[in-house]
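Below you'll find the structure, written out as structure tokens, and then a few comments.
The values are calculated or read from the model by the stated rules, or taken from the named source; none is laboratory data. Note that the coordinates shown come from a computational prediction; the quantities given were computed from them, not determined experimentally. Glycine gets a Cβ as well: all are built from the backbone with ideal geometry, and neighbour counts include every protein chain shown. Remember, those area values only see protein heavy atoms, side chains included, never the ligands or the DNA or RNA. Shrake-Rupley method; radii C 1.70, N 1.55, O 1.52, S 1.80 Å.
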Amino acid sequence: MHGAGGTRPYPHGVDIDRFLAVNQPAWDRLDTLTRAAERGSGRLSAEDLDELVRLYQRASSHLSYARTYFGDPALTARLTTVVGRAHAVVYGTRKRSLRSVGTFFTRTFPEVVWESRRFIAVSAVIFFVPAIVVGVWLAHSPKAIDAIGSAALRQTYINHDFRAYYSSQPSVQFAAKVQTNNIVVAFLAFAGGISAGLLTIGALAQNGASLGQAGGLFANAHKLPEFFGLILPHGMLELTSVVIAGGAGLRLGWALIDPGDQPRSVAVATVGRRSVALVAGLILTFVVAGLIEGFVAGSALSTPARIAIGAVAEVLFLTYVVVLGRAAARDHTPAMATIGWFNAMAPVEPRNGASPNVNTPPSDATSQ
């Protein structure tokens, strides 16, 4: 790969032949991993993906050194090709594929939910505390219940309107309407994070209070089982999703308040992209919740059967995000979210904290 005029000394006392002999195996290995990743990231294990990024960083530094100190056209061309192909894989310039969508839902989305669990817990408190307080208050306060409306209106709502809502439209149309409304609520709960979380807190508390008001009316009329029979089939998954979206908004708001060691703009942008991935994944849960609400909640099935369907959906979802999310966080790989369709939504830094930079010289350019 170098001219016939003899070897040229490397700045640290190592000639180009030594440089090639020591580093060629790493470049070959990077090329092999890159080719495998181009055929689909699922062909590589977590360890292979991690190794690919490390080798890409090292080869980038070797390319910078080769250009600076050797000026060998063949060597430069070889490294440029290897680094360029690896760069395309690491930064996700491949075409979108069903495989990348699968990676998003099996790794990226559950991991973001898992790593946001503390904010989700706070979101749950903000939502359910007003629901419980308002519900208990209405259930036990005659003055509060009278302030809601006349006895006739309350009876109409409890005995007819609440149940009729679930059969007010054809199931398909009703499910689509509910799905759209829930997605809008979730997006507003997330987007409210840009106000340092204040709008998110307001949206969660308001929706929680509305739920508590409905429950309180039924409780006051001693018909709470009927309320739960209608709300739980779809509500378990639906409310869980709203709370998760609220957690994403709170996390975004906290990044604005306390960006840590990063510049505030960088912290907000990074958390924002991760949170967008979370909200994108929730679209599927809202679709499922909407289908349950449209086809199950108001159906002729018995109350235990309707609740059982909702409980199964909820348990499956929680198991999914906990098991896969915890596993993804534990086996965290730098290419996990940078290869595929959703790379812009969920960038992941290399495990060792370094960022690929072709201008960063290697600490020891002769090391593998």
Checklist (1) among the small types (Gly, Ala, Ser); (2) at pLDDT below 80; (3) part of a helix (DSSP H, G or I) applied to ALA86, failing item: (2)
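Here is a yes/no grid of residues against (1) in a helix (DSSP H, G or I); (2) closer than 30 Å to ALA147 by Cα:
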| site | (1), (2) |
| --- | --- |
| ALA214 | yes, yes |
| ALA219 | yes, yes |
| ALA255 | yes, no |
| GLN262 | no, no |
| ARG273 | yes, no |
| VAL276 | yes, no |
| LEU291 | yes, no |
| THR319 | yes, no |
Restricting region 8-22 to residues that are modelled with pLDDT of 85 or more and either open to solvent by 10 Å² or more (accessible area, probe 1.4 Å) or in contact with a helix residue (DSSP H, G or I) (Cβ under 6 Å, 6 or more places away or on another chain) (or both), the residue that is nearest to LEU75 (Cα to Cα): LEU20
Check on ILE132, over 39 Å from the mean Cα position of the chain (by Cα) and open to solvent by 60 Å² or more (accessible area, probe 1.4 Å): no
Any chance GLY340 is in contact with a Ser or Thr (Cβ under 6 Å, 6 or more places away or on another chain), modelled with pLDDT under 80 and open to solvent by 20 Å² or more (accessible area, probe 1.4 Å): no
In region 173-201, the residues that are open to solvent by less than 10 Å² (accessible area, probe 1.4 Å) and either among the charged types (D, E, K, R) or part of a helix (DSSP H, G or I) (or both): PHE174, ALA175, VAL178, ALA186, ALA189, GLY192, GLY193, THR200
Conditions (1) within 26 Å of THR240 (Cβ to Cβ); (2) modelled with pLDDT under 80; number of the one not met by SER363: (1)
Condition met for PHE228 (touching a residue at least 12 places away in the same chain (Cβ under 8 Å), assigned to a helix (DSSP H, G or I) and either open to solvent by less than 60 Å² (accessible area, probe 1.4 Å) or among the acidic types (Asp, Glu) (or both)): no
Region 91-129, residues that are open to solvent by less than 10 Å² (accessible area, probe 1.4 Å) and at pLDDT below 80: SER100
Count of residues meeting criterion [at pLDDT 85 or above and open to solvent by less than 20 Å² (accessible area, probe 1.4 Å)] in region 251-273: 4
Criterion violated by LEU211 - all others in (1) touching a Pro at 6+ places or on another chain (Cβ under 9 Å); (2) open to solvent by less than 10 Å² (accessible area, probe 1.4 Å); (3) not β-branched (Val, Ile, Thr) satisfied: (2)
Qualifying residue in region 146-165 (condition: within 22 Å of LEU237 (Cβ to Cβ) and open to solvent by 70 Å² or more (accessible area, probe 1.4 Å)): yes
Unique match (being closer than 30 Å to GLY208 by Cβ, of a type outside the set (Val, Ile, Thr) and touching a Phe, Trp or Tyr at 6+ places or on another chain (Cβ under 8 Å)) among PHE119, PHE128, PHE109: PHE119
Identity of the residue in region 298-312, open to solvent by 60 Å² or more (accessible area, probe 1.4 Å) and more than 28 Å from the chain's Cα centre (by Cα), that ends up farthest from GLN173 (Cα to Cα): PRO304
Residue match in region 164-172 (condition: in a helix (DSSP H, G or I) and under 32 Å from the mean Cα position of the chain (by Cα)): yes
